[in-house]
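**Student:** My structure is below; once you've seen it, I'll send some questions.
The values are calculated or read from the model by the stated rules, or taken from the named source; none is laboratory data. This structure is a prediction, so every number in the text was calculated from the model and none was measured. Cβ placement follows ideal geometry from the backbone for every residue including glycine, while neighbour counts extend to all protein chains displayed. To get the accessible areas, we keep the full protein, side chains included, count just its heavy atoms, and leave off ligands, DNA and RNA. Shrake-Rupley method; radii C 1.70, N 1.55, O 1.52, S 1.80 Å.
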Amino acid sequence: MSDSDDEALPDVGDAVRQIDNQGYCVLKGLISTELAGALAQRCLQLHADSRYRELWHGDGHYQTLFGMINLDDRVWSLVFHETPVAIARHFLGPRARVVEACSKPTWPGAPHQSLHIDSAQHFERVPDVPWMINSIWALTDFTEENGATGVIAGSHRMRWQSPPAGIDLDGPELTVAAAPAGSLVMWHSGTAHMARANRGSEIRVGLNAAYYPPWFNNWVEGGHQPIWPETFERMPEEHRGLVTGKQARSRCEAYEVLV
């Protein structure tokens, strides 16, 4: 059953078809609004805590805090949720894994973030298969006003390394993936997307979860944190099988270091 009080799990087949056709899908009501709200508050507490300063990147308007799988066990019910895991496995194979979960608040006044393709810069030629299925949980309502994720529908078929210049970020080419709190937006790694400007009065809070195939070498992803050994020890067996094989307390212990 869903963690939401009043909605059953969505059809995985429908979600897969939407990602195949449009490059993204919105899955509503996967967790309760109560859990979403509690995690939103926890994320904001962590962003305000100087002990975690080295884990966040960004500015006073838009931030990413890495390593959330280690920082709050409640995150596990989202990133290991059966629906996104099934969708990720469809595209990435049965050994698809959860590599990182990041808190992503967007404060009022934040401008549009850059339109981009996830991790495509790592390839000399962009693959014709997905190298990641990415997602963001709406811990607060995602609306057009507060900067809900914008996507260029169908762009995953273009094999862009980066989106072409001149796209009007407020124009009709960009679809707004609005989602109520407790919902999940998932997209194909080749889909051009962005965090849109927050023109509202409330902080929008999302939790990003990234799913990768085993052939993708995650050391190239700047900021990604490994699973701590003590986190791994607390995990149920079914969760352990969905994370990378090596646990460590820091990136330099787990990944190669670019010089």
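**Student:** Rounded to the nearest percent, how much of the accessible area of the chain (1.4 Å probe, protein heavy atoms only) is carbon and sulfur?
**Tutor:** 49 percent
**Student:** At 20 Å minimum axial length over the Cα atoms and a Kyte-Doolittle cut of -1.0, report the qualifying DSSP H helices in the chain, or say none.
**Tutor:** 33-47
**Student:** What does segment 181-237 give for Rg and for Dmax, in Å, if only its C-alpha atoms count?
**Tutor:** 15.7, 43
**Student:** Rounded to the nearest 20 debye, what is the charge dipole size of segment 51-141 about its Cα centre when +1 sits on each Lys and Arg Cβ and -1 on each Asp and Glu Cβ?
**Tutor:** Computed about the Cα centre, the dipole is about 160 debye.
**Student:** While we're looking at this one, here's another question. Specify which residue in the list I152, H57, I19 is farthest towards the positive end of the charge dipole of the chain, using unit charges on the beta carbon of Lys, Arg (+1) and Asp, Glu (-1), about the Cα centre.
**Tutor:** The Cα lying farthest towards the positive end belongs to H57.
**Student:** Same structure again: Which order do D14, D170 take by accessible area at a 1.4 Å probe, largest first?
**Tutor:** From most accessible down to least: D170, D14.
**Student:** To the nearest µm²/s, what D does Stokes-Einstein give for segment 160-259 at 37 °C and 0.692 mPa s, using the Kirkwood radius over alpha carbon pairs as Rh?
**Tutor:** Estimated via Stokes-Einstein, D reaches 190 µm²/s.
**Student:** If you don't mind, another one. Going from the alpha-carbon gyration tensor of segment 28-164, what semi-axes, largest first and in whole Å, does one get by taking the root of 5 times each eigenvalue?
**Tutor:** Semi-axes (√(5λ), whole Å): 25, 20, 16.
**Student:** Here's a follow-up. If you rank S189, S50 by how much accessible surface each has, with a 1.4 Å probe, what is the order from largest down?
**Tutor:** S50, S189
**Student:** Would you compute, for the Cα atoms of the chain, the largest minus smallest coordinate along each principal axis and list the three values in descending order, in whole Å?
**Tutor:** 48, 42, 41
**Student:** Largest first and in whole Å, give the semi-axes of segment 49-129's equivalent ellipsoid, each being the square root of 5 times a Cα gyration tensor eigenvalue.
**Tutor:** 26, 20, 12
**Student:** Turning to a different aspect of this structure: Viscosity 0.890 mPa s, temperature 25 °C: Stokes-Einstein D of segment 104-171 from its Kirkwood Cα radius, in µm² per second? List each step's numbers first, then the result.
**Tutor:** Numbers: Rh = 14.1 Å.
So the translational diffusion coefficient is about 174 µm²/s.
**Student:** Report K246's accessible area, 1.4 Å probe, all protein chains in place, as a number in Å² to the nearest 10.
**Tutor:** 120 Å²
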